[in-house]
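Okay, so here's the structure we're looking at.
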């Protein structure tokens, strides 16, 4: 599957990662669309102390 990986401010490559196997009490969903909010943008810019790399 593809994932956007936050590695450092202004560095978010798209990576192919293995599809996880859900546990008995978990589900795997297919995401068609997604969005971001202001905290993700400030994290991307390196201005949010809560967003520390690496994040997927």
Check your understanding: Can you give the extra length, in nm with one decimal, that the chain gains between residue 14 and residue 31 once fully stretched, where that is 0.36 nm per residue apart less the Cα-Cα distance?
Key -> 4.6 nm
Review point. Can you pull the semi-axes for the chain, root of five times each eigenvalue of the Cα gyration tensor, sorted largest first, whole Å?
Key: 24, 13, 12
Point to revise | Length-normalised contact order of the chain in % [C-alpha pairs under 8 Å, at least 6 apart] | key: 44 percent
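Readers should treat all values here as calculations from the given coordinates under stated rules, not as data from a laboratory. What you see is a predicted model, and the numbers here were worked out from it, not measured in a lab.
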